[in-house]
Amino acid sequence: MDFQKDVIDQSYHKPVVVDFWAPWCGPCRVLGPVIEQLAAEQSNAWSLVKVNTEEEEEIAAQFRIMSIPHVKMFFQGEPVAEFTGSLPRRAIESWLEEHLPNEQKDRLYDLIDAVHGQEPGALEELESFVKEEPEIREARLALAQALVYIKPTYAKGLVADIDLGDPMYDAAEDVRTLGQLMEMETAEGPAAEALKQAADLLRKGEEEPAIQQIIRAVTVDKNYENGLPRRAAIALFHIWGVQHPLTAQYRRRFDMALY
């Protein structure tokens, strides 16, 4: 094959995904049909080139292919992403979504930053984006995180199809956990009362007293409703991020209450 022509040159027109494989490789035979089907379905976005490492030893050595299957994405003449092993279809789709150049994704990241910065109209723009591009799970997740305090049922619905094995599963579980917290109707017992107060505070945007109430619920009964106090605290820390002042201030208090 002419790697320069088939891969490098073509990558200036659209991304080229290269599947390094060999006939004797069992995982390659599993991965091959999956990635070939994806390439056929998404041919407008990227193209697939198969490289038999038994026949193209120099190319494999040039790109330091030590184990197969090994998949690399080339764009603008350079390798920009890779993975090894036989991944399931959903994981490959997520890998493609993450690494394929995409103007829509650039717009999405700008919108997410604007929502986090509480810029006027940003949340409405993100909602419009999700309506326009409902297949972009990352956009639905971002909107769910933004709306879970005020529209918990809707937020949970936005991430309903993000299942175990998806790279965004943990973040979707955080949304489902906070949705459960916000939908609490009864408050029988001290743990439930603390969680109900936390939900009311989150609706008002009062995050610090909310996490205080959740930690109080952990102290009283961390196993309430299948560990809802613990799960809710962790979900908030995840959404806030490790650099958030409330995470820095209350994560240690939570750990002490938990153990």
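The values are calculated or read from the model by the stated rules, or taken from the named source; none is laboratory data. Keep in mind that what you see is a predicted model, and the values were worked out from it rather than measured. Counting neighbours? That spans all protein chains shown, and the Cβs are built from the backbone with ideal geometry, glycine included. What goes into the accessible areas is simple: the full protein's heavy atoms, side chains included, and nothing from ligands, DNA or RNA. Shrake-Rupley method; radii C 1.70, N 1.55, O 1.52, S 1.80 Å.
What the table below lists for this structure:
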item	result
Probe 1.4 Å - accessible area at residue 128, Å² to nearest ten	50
Computed accessible area, residue 251, all protein chains, 1.4 angstrom probe, square angstrom	90
Heavy-atom accessible surface of the chain: percent carbon and sulfur, 1.4 Å	49
Pairs of Lys in segment 55-178 closer than 24 Å at Cα, counting only those 8 or more apart or on different chains	5
DSSP-assigned coil residues among trypsin sites (Lys or Arg not before Pro) in segment 44-93, each with at most 10 further Cβ atoms within 10 Å	64
For segment 13-65: rounded, prolate or oblate by the Cα gyration tensor [a/c cutoff 1.5]	oblate
Over 28 Å [Cα-Cα, the chain], rounded percent	48
Most mobile of 114, 198, 235 in a GNM of the chain (Cα contacts under 10 Å)	114
Those chymotrypsin sites (Phe, Trp or Tyr not before Pro) in segment 1-76 that DSSP places in a loop and that have at most 14 other beta carbons within 10 Å	24
Cut-off under 5 Å, modelled amide H: who pairs with residue 48 long-range	17
Unit Cα scatterers, Debye sum, segment 1-128: log10 I(q)/I(0) for q = 0.14, 0.17 Å⁻¹	-0.66, -0.87
Accessible-area ranking of 238, 13, 99, largest first, probe 1.4 Å	13, 238, 99
Whole-angstrom Cα spans of segment 122-256 along principal axes, big to small	44, 33, 31
Accessible area of residue 34 in the full protein assembly, 1.4 Å probe (Å², nearest 10)	40
